[in-house]
Amino acid sequence: MSARRLVIAIDGPAASGKSSTAKWVADRLGIRHVDSGALYRALTAAALRAGPAGGDWSEAEVLRHAGRVGLRPEGRGFAPLVDGAPAAEEIRAVEVTRHVSTVAAMPGVRAWVNAQVRAAADEHDVVVDGRDIGTAVFPDAALKVFLVADPWERARRRLIQRLERTPTEAEVAEETDRLVQRDARDATQTVPARDAVVVDTTYLTQEDQVERIVALARAVTHRPGDTSAG
Ligand code: CDP
């Protein structure tokens, strides 16, 4: 990485709130947000569009689609593109979520995503969220945060976001099961850096958690207080 750029790494397991937190923190600090998971998802979506193989792909087959995927600067972040068109909704589809961990376990895919993320961060101060940002992608990030939360609470939050209503207990139980299984599949690449600050968000509101990370960022960068309304 270019040594003079500010990099804040936010890592954590599925639905720990990384992306929304990273976006808010970037807004508050007036810097950019890069969502590494969006690239794994976009590549998976591109592979799914291409054929019915249903996830039974070799690394070479997946990487054949890399040229169809990219990030386009948009606002303070980047929009994921598949075949040149925005694919923000498609990459959150259940089918993509089902296959993304398999794709993300491929070393060549990880190297490709890491190169895209570093390129997106090259010219800017950034908040980058993912699983291995503080360990593999930017091991010298100025601030590393590892978000954790109780699986039940993560499942509840994800469902509220998806369904836009209060989920039933049965729905939360089922989603918790899915999250825990995905955590297991992603376990090798989801390890906090030794110098990460672990923030448990189970009992924090979104605003509190953003506030904490902004405070940590100010402490490491000595940036003046912000004047935004948040
Ligand atoms: O759904 P959630 O927000 O937890 O995941 P995401 O950040 O959109 O990432 C989707 C998937 O990409 C994860 O389940 C991982 O398999 C993979 N991923 C990864 O392996 N490394 C990263 N730095 C980011 C995502």
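The values are calculated or read from the model by the stated rules, or taken from the named source; none is laboratory data. Everything numeric here is computed off the predicted structure, so don't read it as measured data. Backbone-built Cβ (ideal geometry, glycine too); neighbour counts: all protein chains shown. The area values use the complete protein model at the heavy-atom level, side chains included, leaving out ligands, DNA and RNA. Shrake-Rupley method; radii C 1.70, N 1.55, O 1.52, S 1.80 Å.
Accessible area per residue for the stretch 32-124, computed on protein heavy atoms with a 1.4 Å probe, is 46 Å². May I ask which residue of Gln181, Trp152, Ala219 lies farthest towards the positive end of the charge dipole of the stretch 140-230, with charges of +1 (Lys, Arg) and -1 (Asp, Glu) on Cβ and the Cα centre as origin? The Cα lying farthest towards the positive end belongs to Ala219.
Among the GluC sites (Glu not before Pro) in the stretch 55-107, those located in a DSSP loop and surrounded by at most 11 other Cβ atoms within 10 Å of their own Cβ are Glu89. Pairwise Cα distances in the stretch 32-124 exceed 22 Å for 19 percent of all pairs.
Applying both filters, DSSP loop and at most 16 other Cβ atoms within 10 Å, to the GluC sites (Glu not before Pro) of the stretch 110-201 gives Glu123, Glu164. In this Cβ point-charge picture (+1 for Lys and Arg, -1 for Asp and Glu), the stretch 32-124 has a dipole of about 120 debye about its Cα centre. Under the combined filter of DSSP loop state and at most 13 neighbouring Cβ atoms within 10 Å, the stretch 17-112 retains none of its trypsin sites (Lys or Arg not before Pro).
From the alpha carbon centroid of the stretch 126-151 to that of the stretch 67-103 is 20 Å.
Counting only protein heavy atoms and a probe of 1.4 Å, the accessible surface of the stretch 19-115 is 55% carbon and sulfur.
In a reduced charge model with +1 at each Lys and Arg Cβ and -1 at each Asp and Glu Cβ, the chain shows a dipole moment near 480 debye about its Cα centre.
Both radii come from the Cα set of the chain: Rg as radius of gyration, Rh as Kirkwood radius; their ratio Rg/Rh reads 0.95.
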